[in-house]
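*Asks:* What follows is a structure written as structure tokens; I'll ask about it next.
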Protein chains: 2
Amino acid sequence: MQVTAAEPGLHDNTADIDRLQQALKMKLGDNRPLTVAYECMTLVARAFREAGYTGYALLNNLDTAWVVVGFTAKKPSVIVGMALDLGTTHLEATLLNLLDGEVLAEGNLENAQIAFGADILSRIHHATTKRRQQKKLPFDFQDPGLDELQQVIVSTINELAETLAVRADIETGSILALAVSGNTTMAHLFLGLDPFHICREPYIPLFNRSPTLNSNQLNLRIHPMAPVWMMPSVGSYFGGDLISGILASGMAQSSKTRMLIDVGTNAEVVLGNSDWLIACAGAAGPALEGGVARMGMRAGPGAIEYVAIHPENYLIDIRTIGDVDPVGICGSGLIDLVAALYLTRMIDIRGKYRDPATEKDPARAAFMKEHLLERDDGFCFVVTDNSTKGTKDEVVLEQIDLDAMIRSKAAMYAILTTLINQVGLDFSDLEEITVAGAFGRHINPQHAMTLGMLPDLPLTVYRAIGNSSLRGAEKVLLDETARNDCEKIVSSITYLELNVNQEFMIRFSGARFIPHTDPSLFPSVPFFKTDGI
Amino acid sequence: MQVTAAEPGLHDNTADIDRLQQALKMKLGDNRPLTVAYECMTLVARAFREAGYTGYALLNNLDTAWVVVGFTAKKPSVIVGMALDLGTTHLEATLLNLLDGEVLAEGNLENAQIAFGADILSRIHHATTKRRQQKKLPFDFQDPGLDELQQVIVSTINELAETLAVRADIETGSILALAVSGNTTMAHLFLGLDPFHICREPYIPLFNRSPTLNSNQLNLRIHPMAPVWMMPSVGSYFGGDLISGILASGMAQSSKTRMLIDVGTNAEVVLGNSDWLIACAGAAGPALEGGVARMGMRAGPGAIEYVAIHPENYLIDIRTIGDVDPVGICGSGLIDLVAALYLTRMIDIRGKYRDPATEKDPARAAFMKEHLLERDDGFCFVVTDNSTKGTKDEVVLEQIDLDAMIRSKAAMYAILTTLINQVGLDFSDLEEITVAGAFGRHINPQHAMTLGMLPDLPLTVYRAIGNSSLRGAEKVLLDETARNDCEKIVSSITYLELNVNQEFMIRFSGARFIPHTDPSLFPSVPFFKTDGI
């Protein structure tokens, strides 16, 4: 903000800092308190004085207060902010010029906490190691495991900030604001706050809303007084990442009802419009995220992201990320594959491999013989044996992986139906189904519908928006009203706890078939009743 | 503040911290933002949960916001706050129970910064050593001398807090608030902020109003989130200590006009009432504070604090602080002594020793011969040669000390008259003259009037209020409205700069006689025109 103050003299002995504050208050014209951050007072006063009491003040807008953190004689052309998606497995961030929204750099890094546990539960386990071992602990006890996880995530963020700063050709110290979006557990681990009760009934986190901290309170190596805005969360399993997603999707600003689906470690689903929002979360993701299926992997180089099997000549077409030799299969590839296995009748409606011996169609029987191998633990489907490359690194889908996949898709559909039923609507009432995350970016909704994972709707209803958690954090940095919007979203959300929901369990059972026990729900999907049951 | 919240359950998954905040906001009923301090979140959440979501929250009232810093199941009987007078030579502090105002402990400690300079100017000199030596310094330069002085004062405060905590039988960590009153330079040195311009025309400090800091930002070893309230100052030579004094005196609440005189390293004077305040400061103190007169010393054990010379038999009566052997003479003793020397005509109206050889009264001539010794640099008066104690440690007053004393008293009277003249009033219009500080506690206003240091008024007009700087800090701790009163005081004060005031210089010249060149101003003081001039 540009500001000019009268020069001091013997008859105007207002102190430098007070002079700046008075001039700024006059200019801002609101009655929010305004202070100069203690840590910046020396530099601000010196710069203000040397600039001849005129120039540009750098202010943190903390909603309820203004804090001056810098002063320059000349108008700055770049003010850098960092948006961060604090994912359980990966951190993804962008550096933005807050003056015009330009993206200065972007990048991601693996969450180094993975060394202490791949998923949220094992991280909470590690963060509460000591407290679980000992009954009596001092009142001000802080678990060393928690400290360790906090230090690791802070280091990872510092490393990512450093990388992006190099790419943008700036100093990390000139990153003047940070907006962080992450699930509730990641938020607790980042702030070093006890996550013990997050995974214990009745699943009450220590906090949902964090006060705005300064980066130096967290040992972040960006500007020491950079405000750290944490996206608020709604509950233990409904974190700031999804609030960020809702913000990015714009659903809370639309008068027509939409649905947002974000599949990460959990499937998180929101339904609503500008008047109301209802949300729930459930474990529908694992089979899709890699790590569950033996050949499953995250979307990364070598992951099969697309599979098709020709319905007549049974030729298999696969595509890998980075166009390199396949080493595994990611969520979208898995959905494509299982949908193709169903449509080519390799599997029955229960998701079980059919016995090639019972197949009467000669072409299909030949294909089955070639690709369906019977091993100790049952049949498995060889997607590729990499024989063309002269290696033996085959990518296969075992029955156990198929079963996990069916459970995941059933959970997903059960979540969606439970939620829409809760408000007395039908899927056909939806203006849009927004699919967020890597899942949303890569999957083919048609194949997900074939499996009965997503409702059978015109493809135009589905829209992918990428990493909505990061997009929301960017919005908060660039748009001062977005923080208020987050508060509105949080306060208008009704949270539906599925872990104890009877209806969900019933709907889950009904959805454990392809596409469903009630095929009338999926009119566009062929139903092969004769196979299985 | 007592607070009870509903217990959480599966259908009320509000986080612990958010639950407490909601309950407190409801209870407080104002719309100031309320947060739980990040550093206290773990402990507060744990205590709140373990207390069954009911108990007593400890809140910092930061005027523009509430910050929760603790939670207890049972109602606390003591909440400790510390009031601190950050003097240039001494630190004085009290521990108070904020619930009922009870004084839990009090004490003082020498300001260890004295090792780096006895007065403010030499401290500023030390704090700017490096920056004065080098022309070109990096923009973010912080002078090591300033850091040194900050560390020293923080250590002294920590030591004093420790001492008082032991006396009150509490932990220093349970000191939950600190109010600090000190002159502008001490405030800068305490916060480690550059005092360079304080002593350079046009005497603009870096800050007058400090934001409320947390004790951990200053490395104070009290409760880490204890708010540190700094009394605001008005200018380089008019600090928070005097704002504190004005607050403690109650003059800004009185409809009748009063005058407040605080003599420390500087003489600081305020005139006014609830409608207006005018203030000025000048160097009138040094001769009174010890360190200038060769035998001068601060009021402490062995300091002669009272002197009388019988007008007929010339017997000298002295009293020392602590009733021990005299080792020097403090301000009040000096005023008594010089007044007595004048009344017994040992000195003339210019404050010069009279030559015993010219004295005609035999009794006086004998006394003069015994006590007025002629040395290399002129006469000196022997107050006591300690001969009764068998030692040779005499306490004497040399002509050079007398001259300094006359300058000081002239400066004081010139300050007072310049100020009262500025508003078109006369001393007789004053309801009260409040005299603060050790000076006010010990001096005899009658003797100060004899010297022409204080105006010739009925003794009932004078009131001593002791360490008003400390009293004001206590008031700020105990009374939430006192901080607003301070702001009102600061904004209603007109500051009169004497360093460039012509009228002051003229009045100063006129006041360099005992009692004055115009003896009609002091009708109650005998005037010995024949002596001198």
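The values are calculated or read from the model by the stated rules, or taken from the named source; none is laboratory data. A quick note: this is a predicted structure, and the numbers were derived from the prediction, not measured. Using ideal geometry, Cβ is built from the backbone for each residue, glycine included, and neighbour counts are taken over all protein chains shown. Heads up: the accessible areas ignore ligands, DNA and RNA and are worked out on the full protein's heavy atoms, side chains in. Shrake-Rupley method; radii C 1.70, N 1.55, O 1.52, S 1.80 Å.
*Asks:* Using helices alone, I'd like the mean residue ellipticity at 222 nm for chain A: each DSSP H run of four-plus residues gives -39500 (n - 2.57), total over residue count, nearest 500.
*Replies:* -10000 deg cm²/dmol
*Asks:* What are the ³J(HN,Hα) couplings of region B:65-70, residue after residue, when phi is run through the Karplus curve with 6.51, -1.76, 1.60 and θ = phi - 60°? Round to Hz, x for glycine and proline.
*Replies:* Couplings: 7, 10, 10, 7, 10, x Hz.
*Asks:* Once phi is turned into ³J(HN,Hα) by the Karplus curve 6.51 cos²θ - 1.76 cosθ + 1.60 with θ = phi - 60°, what whole-Hz value does each residue of region A:18-26 show in order, with x for glycine and proline?
*Replies:* In residue order, the calculated couplings are 5, 4, 5, 4, 4, 5, 5, 4, 4 Hz.
*Asks:* Could you work out how far the C-alpha centroid of region A:400-445 sits from that of region A:24-50, in angstrom?
*Replies:* 51
*Asks:* In addition: Between residue A:325 and residue A:441, what's the calculated FRET efficiency when r is the beta-carbon distance and R0 is 30 Å? Round to 0.05.
*Replies:* That gives a FRET efficiency of 0.85.
*Asks:* If amide H atoms are built 1.01 Å from N in the plane of the peptide, which residues on other chains or at least 5 residues away come under 5 Å of the amide H of residue B:384?
*Replies:* Sorted by chain and number, the residues that satisfy this are B:395.
*Asks:* Between residue A:394 and residue A:520, 0.36 nm times their residue separation minus their Cα-Cα distance comes to what?
*Replies:* 41.6 nm
*Asks:* Any idea of the accessible area per residue across region B:309-445, 1.4 Å probe, to the nearest Å²? All intermediate terms of the calculation are to be shown ahead of the outcome.
*Replies:* Numbers: 5930 Å² over 137 residues.
Value returned for region B:309-445: 43 Å² of accessible area per residue.
*Asks:* Tell me, in nm to one decimal, what length is gained between residue B:385 and residue B:459 on full extension, where the rule is 0.36 nm per residue of separation less the Cα-Cα distance?
*Replies:* This chain segment gains 23.3 nm when fully extended.
*Asks:* Next question, about the same structure. Spin-label point model (7 Å from Cα, Cβ direction): what's the residue B:298 to residue A:403 distance in nm?
*Replies:* Taking the two extended label points, one gets 8.3 nm.
*Asks:* So who's got an amide H within less than 5 Å of the one on residue B:435, skipping anything under 5 residues away but keeping other chains? H placed 1.01 Å off N, in plane.
*Replies:* B:261, B:463, B:464, B:465
*Asks:* Turning to a different aspect of this structure: If one computes the Cα centroid of region B:92-162 and of region A:333-375, what distance in Å separates the two points?
*Replies:* A separation of 82 Å, based on Cα centres.
*Asks:* Please report, as a whole percent, how much of the solvent-accessible surface of chain B comes from carbon and sulfur atoms (probe radius 1.4 Å).
*Replies:* With neighbouring chains kept in place, the figure for chain B is 50 percent.
*Asks:* Would you pull out the residues with amide H under 5 Å of residue B:80's amide H, same chain only if 5 or more places away, H placed 1.01 Å from N?
*Replies:* Hits under the 5 Å cutoff: B:98, B:176.
*Asks:* If you don't mind, another one. Out of the GluC sites (Glu not before Pro) in region B:474-515, which ones are loop residues according to DSSP with at most 16 other C-beta atoms within 10 Å? All intermediate terms of the calculation are to be shown ahead of the outcome.
*Replies:* Numbers: sites: B:474, B:480, B:487, B:497, B:503; in loops: B:480, B:497.
Taking region B:474-515 and a limit of 16 other Cβ atoms within 10 Å, the loop GluC sites (Glu not before Pro) found are B:480.
*Asks:* If we hang a label 7 Å off Cα along the beta carbon direction at residue A:1, how far is it from the matching labels on the other copies, in nm, shortest first?
*Replies:* Nearest to farthest, the other copies are at 2.8 nm.
*Asks:* For the modelled label position 7 Å from the Cα of residue B:310 along Cα-to-Cβ, which residues of region B:347-377 have backbone nitrogen atoms closer than 16 Å?
*Replies:* Under 16 Å, as judged by backbone N against the label point of residue B:310, lie B:363-368 of region B:347-377.
*Asks:* While we're looking at this one, here's another question. Give me the one-decimal nm value for the distance between modelled label points at residue B:200 and residue B:374, 7 Å along each residue's Cα-to-Cβ direction.
*Replies:* 5.0
*Asks:* Return the loop-located GluC sites (Glu not before Pro) in region B:81-170 (DSSP other than H, G, I, E, B) with at most 16 other Cβ atoms within 10 Å of their own Cβ; answer none if there are none. Walk me through the intermediate numbers first.
*Replies:* On the way: sites: B:92, B:102, B:106, B:110, B:148, B:159, B:162; in loops: B:102.
Sites meeting the loop and neighbour criteria: B:102.
*Asks:* Calculate the spin-label point distance for residue A:89 paired with residue A:4, positioning each point 7 Å from the Cα along the beta-carbon direction, and give it in nanometres.
*Replies:* Placing both labels 7 Å beyond Cα along the Cβ direction yields 5.8 nm.
*Asks:* If the cut-off is 30 Å between C-alpha atoms, which lysines fall inside it for residue A:136, apart from same-chain ones fewer than 8 positions away?
*Replies:* Counting by Cα, and skipping residues close in sequence, residue A:136 has these lysines nearby: B:74, B:75.
*Asks:* List the residues of region A:104-118 whose backbone N lies under 14 Å from a point placed 7 Å from the Cα of residue A:166 along the Cα-to-Cβ direction.
*Replies:* A:106-109
*Asks:* Something else: Would you mind giving the mean number of other chain beta-carbons within 10 Å of the Cβ of each residue in B:197-207, as a whole number?
*Replies:* Mean partner shielding for this stretch: 6.
*Asks:* Assuming R0 = 22 Å, can you tell me the calculated FRET efficiency for the pair residue A:32 and residue B:491, based on Cβ-Cβ distance, to the nearest 0.05?
*Replies:* Numbers: r = 19 Å, r/R0 = 0.86.
Calculated transfer efficiency: 0.70.
*Asks:* Counting only protein heavy atoms and rolling a 1.4 Å probe, how much accessible area do B and A lose on contact, total for both sides, in Å² to 100?
*Replies:* Roughly 4300 Å² of accessible surface disappears when B and A pair.
*Asks:* What gaps in nm, shortest first, separate residue B:360 from its twins in the other copies when you place the label 7 Å past Cα toward the beta carbon?
*Replies:* Its label point is 15.6 nm from the equivalent points in the other copies.
*Asks:* Where in region B:118-137 does the label zone of residue B:151 land, with the point 7 angstrom along Cα→C-beta and an amide N cut-off under 15 Å?
*Replies:* B:127
*Asks:* Kindly give the distances from residue B:135 to its copy-mates, label point to label point, with each label point 7 Å from Cα along Cα→Cβ, as nm values to one decimal ordered shortest first.
*Replies:* 7.5
*Asks:* Work out the mean other chain Cβ neighbour count within 10 Å for the residues of A:33-45 and drop it here as an integer.
*Replies:* 5
*Asks:* Follow-up. State the extension gain, in nm to one decimal, for the chain segment bounded by residue B:50 and residue B:528, taking 0.36 nm per residue of separation less the distance between their alpha-carbons.
*Replies:* My answer for the length gained is 164.0 nm.
*Asks:* To check you understand DSSP bridge types, tell me what percent of the beta bridges within region A:252-384 (both residues inside) are antiparallel, rounded to 5.
*Replies:* The antiparallel fraction comes to roughly 90 percent.
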